[in-house]
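Working notes, structure below.
The values are calculated or read from the model by the stated rules, or taken from the named source; none is laboratory data. Owing to the predicted nature of the structure, the values given are computational and were not obtained by experimental measurement. Cβ coordinates were reconstructed from backbone atoms using ideal geometry, including for glycine residues, and neighbour counts include every protein chain displayed.
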Amino acid sequence: MNKTISLLFGTVLFTSVSLAQNYQLIWSDEFNSTNINTSNWTYDIGGHGWGNNELEYYTNRTENAKVVNGNLLIIARKESYGSNNYTSARLKTQGLKSFTYGKIEANIKLPSGKGLWPAFWMLGNNITQVSWPKCGEIDIMEHINTSSIIYGTMHWDNNGHVSSGGNYWGVGVQNFHVYSIEWNPQSINWFVDGSKYWSVNITNGVSNTGAFHQPFFIILNLAVGGNWPGNPDSTTPMPDSMFVDYVRVYQTTPTNVEKTQQINNFSLEQNYPNPFNPLTIIKYSIADAGNVSIKVFDLLGKEVTQLVNKYHQEGNFSVQFDASKLSSGVYIYSLSSGSFYQSRKLMLIK
């Protein structure tokens, strides 16, 4: 969503994923209730320009965001509110739902008018700790003004703000279209209605893209004005709305990986090697598909890192723990999934 400098093209190598993927839905909001689901969405509120000299004041009023006939409506209005002349809404899953990797998609019908800037995008969970752009940003869909162009972009820090993005032409934005990314440890790929138009390599944090191997939360908003689209004028329809039919998140399982045995129990194995410095491997088994968390704590119970925070299918897994930034000592690592919890000790000797 940030457009503080021009996009940098060709700064990141392209890649394609040859491994077939089996997508399974892990989370969605179909907007079939009468109200916005507050277990999924919260609001950004304010009118300070949002780093882009935007003109709207974001509110949590039903005048600016509501569910109607199975769609989320985000409504921009021309009205005096605080010191702003426009209002709108910006919804996010921050603090409620976050995701690392997968297929993230939404079926959206966009407004079209001078100065309008709808977006479907993501920010790194750690934005409050490291700030933007170090947290990383994935713009799944952005549109400005009355064009038929959809933009997909990623922003990050590489000795300063850099970005890489592509665009998809000829979209009738005032009809519903599915905007999506397919995100895996090797790449992020952008699609409109299943047609791929952009890809960026993030393998092993190449070009300092390590931010894109961490959890991200989802944002939906309709901005008014700003550095990129410019200001609305007398031709801009007001009020105007962004319609969201659904937002869905899928996780992927490589289809060429065979399940050699049925997993009957959850288990957390002793790390190996142990003692270690600074790398060790933690193996674990998941008996039932669900959200999985592996955390590391010091002996006072303070969390020092989270190694896993994602949805897993049944199976055997492993994760590498890099303790290069920690002091020597005994630490506790834990596995939790559903009602299952197990912890073990490990020893770091430097």
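Taking into account only those residues within segment 196-250 that are assigned to a strand (DSSP E or B) and of a type in the set (S, T, N, Q), which is surrounded by the most Cβ atoms within 10 Å (Cβ to Cβ)?
Pass one, segment 196-250, residues assigned to a strand (DSSP E or B): 196-201, 216-224, 240-250.
Filter once more, so that each one left must be of a type in the set (S, T, N, Q): 199, 201, 221, 241.
Numbers: Ser199: 21, Asn201: 17, Asn221: 25, Ser241: 23.
It comes out as Asn221.
Glu137 is checked against (1) touching a His at 6+ places or on another chain (Cβ under 6 Å); (2) over 12 Å from Ile188 (Cβ atoms) and fails just one. What number does that condition carry?
(2)
For segment 285-334, how many residues meet the condition of being over 23 Å from the mean Cα position of the chain (by Cα), within 23 Å of Asn204 (Cβ to Cβ) and of a type in the set (Ser, Thr, Tyr)?
Looking only at that region, the number is 2.
Could you check segment 170-184 and list, in sequence order, the residues that are free of Cβ contacts under 8 Å to residues at least 40 places away in the same chain and buried (at least 21 other Cβ atoms within 10 Å of the Cβ)?
none
Given the conditions (1) surrounded by 18 or more Cβ atoms within 10 Å (Cβ to Cβ); (2) among the polar types (S, T, N, Q); (3) over 16 Å from Ile140 (Cβ atoms), and given that Ser187 satisfies all but one, which numbered condition is not satisfied?
(3)
Can you name every residue in segment 31-52 that is under 25 Å from Lys310 (Cβ atoms) and surrounded by fewer than 14 Cβ atoms within 10 Å (Cβ to Cβ)?
Thr38, Ser39 - these are the residues of segment 31-52 that are under 25 Å from Lys310 (Cβ atoms) and surrounded by fewer than 14 Cβ atoms within 10 Å (Cβ to Cβ).
Go through segment 264-317 and give me each residue that's surrounded by 14 or more Cβ atoms within 10 Å (Cβ to Cβ), polar (S, T, N, Q) and assigned to a strand (DSSP E or B).
Of everything in segment 264-317, those that are surrounded by 14 or more Cβ atoms within 10 Å (Cβ to Cβ), polar (S, T, N, Q) and assigned to a strand (DSSP E or B) turn out to be Ser267, Thr280, Ser285, Asn291, Ser293, Thr305, Asn309, Asn316.
Applying the selection to segment 42-64, what residues are without any contact (Cβ under 8 Å) to a residue 60 or more places away in the chain and on the phi < 0 side of the Ramachandran plot?
Of everything in segment 42-64, those that are without any contact (Cβ under 8 Å) to a residue 60 or more places away in the chain and on the phi < 0 side of the Ramachandran plot turn out to be Thr42, Tyr43, Ile45, Gly47, His48, Tyr57, Thr59, Asn60, Arg61, Thr62, Glu63, Asn64.
Quick one: how many residues across segment 122-153 are over 21 Å from Lys109 (Cβ atoms) and touching a Phe, Trp or Tyr at 6+ places or on another chain (Cβ under 7 Å)?
Counting residues in segment 122-153 that are over 21 Å from Lys109 (Cβ atoms) and touching a Phe, Trp or Tyr at 6+ places or on another chain (Cβ under 7 Å) gives 7.
Which of the residues belonging to segment 76-93 are among the polar types (S, T, N, Q) and in contact (Cβ under 8 Å) with a residue 24 or more places away in the chain?
Applying the first criterion (among the polar types (S, T, N, Q)) to segment 76-93 yields 80, 83-85, 87-88, 93.
Within segment 76-93, Ser83, Asn84, Asn85, Thr87, Ser88, Thr93 meet the criteria.
Out of the residues in segment 65-87 that are among the small types (Gly, Ala, Ser) and at positive phi, state the one that is farthest from the chain's Cα centre (by Cα). Can you show your working first?
If we filter segment 65-87 for residues that are among the small types (Gly, Ala, Ser), which is where we start, we get 65, 70, 76, 80, 82-83.
Right, trim to at positive phi and you get 70, 82.
On the way: Gly70: 23, Gly82: 31 Å.
Going through the qualifying residues, I end up with Gly82.
Taking the options Val162, Val206, Val247, Val224, name whichever one is closer than 27 Å to Ser28 by Cβ, out of contact with any Cys (no Cβ under 7 Å at 6 or more places or on another chain) and among the aliphatic types (A, V, I, L, M).
Numbers: Val162 fails: closer than 27 Å to Ser28 by Cβ; Val206 fails: closer than 27 Å to Ser28 by Cβ; Val224 fails: closer than 27 Å to Ser28 by Cβ.
On inspection, the qualifying residue turns out to be Val247.
Restricting the first residue to segment 22-40 and requiring it to be without any contact (Cβ under 8 Å) to a residue 40 or more places away in the chain and among the polar types (S, T, N, Q), which pairs with a second residue that is surrounded by 15 or more Cβ atoms within 10 Å (Cβ to Cβ) and not in a loop (DSSP other than H, G, I, E, B) meet a Cβ separation below 8 Å and a spacing of at least six or different chains?
Within 8 Å, the pairs are Ser33/Val67; Thr34/Val67; Asn35/Lys66; Asn35/Val67; Asn37/Asp29.
What's the total number of residues in segment 151-192 that are out of contact with any Lys or Arg (no Cβ under 9 Å at 6 or more places or on another chain), assigned to a loop (DSSP other than H, G, I, E, B) and on the phi < 0 side of the Ramachandran plot?
So the answer is 7.
Could you say whether any residue in segment 236-249 is modelled with pLDDT of 90 or more and among the small types (Gly, Ala, Ser)? Walk me through it before giving the result.
First, the residues of segment 236-249 that are modelled with pLDDT of 90 or more: 236-249.
Next cut, among the small types (Gly, Ala, Ser) only: 241.
Yes: one or more hits.
Need a quick list: strands (runs of 3 or more DSSP E) entirely within segment 31-123 having at least 1 residues that are closer than 30 Å to Ser195 by Cβ and not acidic (Asp, Glu).
Values: elements: 56-58, 65-68, 71-81, 84-88, 90-92, 102-109.
Here the list reads 65-68, 71-81, 84-88, 90-92, 102-109.
Taking the condition surrounded by 22 or more Cβ atoms within 10 Å (Cβ to Cβ), at pLDDT 95 or above and closer than 25 Å to Phe176 by Cα, does Pro133 pass?
no
Would you be able to tell me the number of residues in segment 121-169 that are in contact with an Asp or Glu (Cβ under 6 Å, 6 or more places away or on another chain) and in contact (Cβ under 8 Å) with a residue 60 or more places away in the chain?
Residues in segment 121-169 being in contact with an Asp or Glu (Cβ under 6 Å, 6 or more places away or on another chain) and in contact (Cβ under 8 Å) with a residue 60 or more places away in the chain: 6 in total.
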